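Novice: I have a structure I would like to understand better, so I am pasting it below and will then ask my questions one at a time.
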């Protein structure tokens, strides 16, 4: 059974009871909440996810709740709780789903130190993965989402999860948080894609969450071999430009774009070394999504 | 997963289950994934995952832990190793900055455990580096460190004065970009407190660490320090990990008769017999701290006049004085509630909040004489009010 097959009130019942379980691949989370309207958003964005019983071991158990007291009526807020602690300040009450997504990402980034966590999108086709590391604003999320809607399997949008032993990429399939213009761009690019509600005025502007496709969610347990590393750079109206970069440079860019490279030390060094030596590395400047997707497809096919 | 056993001990009482695991790691064999879920959710905010992992490993039951749970325990060990590395790096930088410094540099707590190569350092997360120098050299040490690039945050005049005149340490320093703070101490308890450890003796008997610029306190002083940190200079709130440190330290420093004598002697010298008695009492109660030293039974024996009566001369030479009945009665009610972790999904019970408040008052009472305490309370209270006001109106 899938989360999308539940009614909103059934989702709500689970959220206010033992919790709603989410299977993301390498991570499992359980969420409890009594925040109105969150159930509806979850049902839209997580419709393709298997319904997971809230019993057993979960990597993250989170609770979203309205703080008690006067704040209930005056500029209401919601807090994010992890095991009885509040790791960050409450959000305005209307931004419930962004808070849940941000909070779960925060917990994952802090807890998954057995793997190397790169700040990167990962997609795969025919068992060969494309790693798209980038800084915010580079168009990484949009490009990852575009590929995932043109026949690539999504492994992750935010965290490139690298298994230390063999540098395989592990799935951590989460909704893609699209920001500002990207939301409209993606609506036009993939009219059939499911987008959650838009949340204006978050810290990052307007945010809407793109639901992962069921093909990606169906393969949560299947890792992928890295084949291509592309550092995307979105430049409005720019010509498509693909420029090979030396592996040494790719190494530096990857290692400085990681959540826990320093923490893992030599193991991370080895994993990044394995990654760059098994991949072709490029910088990709693009202005048009369709063109970029076609180019990446061709590149992956020719590098086989 | 095995048949649903709702209400089994670990899930119904995750705090009790965590204590059972710390005491007797073999208990892990009976845990299923849901049990682990409950325990990890208590151990993580208590910062005890690494200690738990270490104990499971030492008792050969780590392999019995489900893979998903092991991932979290491994991740925590990775973090510990990184922080230990950062401690060593910070020490190297400090040694360089103070290479010309004539006075002894004595490491306390986490950094001391690391340089002594204590096995249990693998099970605790150091958050800063604590360095002690003689009070006469304190200003010079501070100047040398500031000159070498360490920085302090600007404090308001009251806090500045509090640290400089009444505290046992200076405001924390940090070298830009370094992850760990450096606390520069000149003794181990506040100058204004009821207990005044003999700083001269702390330095005189400090032990050099071969191949380094550093010393550590003599073993017995380390145990006394761990005990006073928790039971003299803190409100105990959620500080089970400090008791776990104490337990591990006792385990590490061995169980010789001579050490036992020495510990009692040093506690007496520093006037810290009571906090040591408390630490032994509650470490024994919650963690089953090994009784091999005979200290625990001695404390209990001291509580009970009859046992004391039929004892030999050797025993009367080195004894901790008994905890007075009233104090014992109060602490037995307050300490378990305040110190142990609370259930992550429940509102902190009133009894726990009351106990924490009572021990908070106690720690302040022990830290400063009444007049200074009154002044401190007014200053801090007034500041809290001022800080709160704007956010309410905002």
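Novice: State, as an integer percentage, the relative contact order of chain A based on alpha-carbon contacts under 8 Å between residues 6 or more apart.
Specialist: 17
Novice: Return the distance in nm (one decimal) between the two label points of a simple spin-label model at residue B:135 and residue B:207, each offset 7 Å from Cα along Cα→Cβ.
Specialist: 2.7
Novice: On to the next question. Which ordering of A:201, B:198 is given by a fewest-first count of other beta-carbon atoms within 10 Å?
Specialist: A:201, B:198
Novice: Return, ordered by residue number, the residues of segment A:138-179 whose backbone nitrogen is under 16 Å from a label point located 7 Å along Cα→Cβ of residue A:238.
Specialist: A:138-144
Novice: Quick one: divide the alpha-carbon radius of gyration of segment B:134-192 by 2.2 N^0.38 Å and tell me what you get.
Specialist: In units of the 2.2 N^0.38 Å rule of thumb, it is 1.10.
Novice: How far is it, in nm, from the label point at residue B:200 to the one at residue B:330 when both lie 7 Å from their Cα along the line to the Cβ?
Specialist: Computed distance between label sites residue B:200 and residue B:330 equals 3.3 nm.
Novice: Mind checking A:27-34 for the average number of partner chain beta-carbons within 10 Å of each residue's beta-carbon?
Specialist: 1
Novice: Run through the DSSP bridge list for the protein assembly as shown and note the antiparallel percent, rounded to the nearest 5.
Specialist: 70
Novice: Continuing with the same structure: Determine, for each peptide in B:204-213, B:44-53, B:219-228, the mean count of other beta carbons within 10 angstrom over its residues, then list the peptides with the highest first.
Specialist: B:219-228, B:44-53, B:204-213
Novice: Let me ask something else about it. Compute the Cα gyration tensor for segment A:135-251, then decide on rounded, prolate or oblate, letting a ≥ b ≥ c be the square roots of its eigenvalues: rounded whenever a/c is under 1.5, prolate when a/b is larger than b/c in the other cases, and oblate in all that remain.
Specialist: In terms of gyration-tensor shape, oblate.
Novice: Right, another one. Given the options B:363, B:99, B:137, state which has the largest fluctuation in a GNM of chain B using a 10 Å cut-off (strictly under) for Cα springs.
Specialist: Per the Cα network of chain B with a 10 Å cutoff, B:99 tops the list.
Novice: Report relative contact order for chain B in percent, whole number only (criteria: Cα-Cα under 8 Å, sequence separation at least 6).
Specialist: Once normalised by length, the contact order is 15 percent.
Novice: Within 10 Å, count the other beta carbons around each residue, average over each peptide in A:256-267, B:272-283, B:331-342, and list them highest first.
Specialist: So the peptides A:256-267, B:272-283, B:331-342, ranked by packing, come out B:272-283, B:331-342, A:256-267.
Novice: Using mean Cβ contacts within 10 Å as the protection proxy, how do A:142-150, B:90-98, B:231-239 order, highest first?
Specialist: Descending mean neighbour count gives A:142-150, B:231-239, B:90-98.
Novice: Also, I was wondering about something else. Counting helices only, and only those DSSP H runs with n ≥ 4, report the 222 nm mean residue ellipticity of the protein assembly as shown as the sum of -39,500 (n - 2.57) divided by its residues, in deg cm²/dmol to the nearest 500.
Specialist: Helix contribution divided over all residues of the protein assembly as shown: -14000 deg cm²/dmol.
Novice: Right, next: Quick one, what does Rg over Rh come out to for chain A if you take C-alpha atoms and the Kirkwood Rh?
Specialist: Using only Cα positions, Rg/Rh for chain A is 0.97.
Novice: Specify whether the C-alpha gyration tensor of segment A:3-111 places it in the rounded, prolate or oblate class, a ≥ b ≥ c being the square roots of the eigenvalues: rounded for a/c under 1.5, otherwise prolate if a/b is larger than b/c and oblate if not.
Specialist: It comes out oblate by the Cα gyration axes.
Novice: Shape of chain B from its Cα gyration tensor (a ≥ b ≥ c, root eigenvalues): rounded if a/c is under 1.5, otherwise prolate when a/b > b/c, or oblate?
Specialist: Rounded.
Novice: While we're here: Just want the ordering: B:330, A:186, A:100, from fewest to most Cβ atoms lying within 10 Å of their own Cβ.
Specialist: B:330, A:186, A:100
Novice: Let me ask something else about it. Return an integer: the convex hull volume of the alpha-carbon atoms of the protein assembly as shown, in Å³ per residue.
Specialist: 186
Novice: On average, how many beta carbons from a partner chain sit within 10 Å of the beta carbon of a residue in B:71-83?
Specialist: Taking all residues of B:71-83 together, the mean is 4.
Novice: On to the next question. Shielding by partners for A:104-111, please: the mean number of other protein chain Cβ atoms within 10 Å of each residue's Cβ.
Specialist: 1
Novice: Same structure again: Among A:102, B:382, which comes first, then next, by fewest other beta-carbon atoms within 10 Å?
Specialist: Exposure proxy ranking, most exposed first: B:382, A:102.
No lab work stands behind these numbers, since they all come straight from the coordinates. Everything quoted here is computed from the prediction, not taken from an experiment. So basically every Cβ, Gly included, is an ideal-geometry build from the backbone, and we count neighbours across all protein chains shown.
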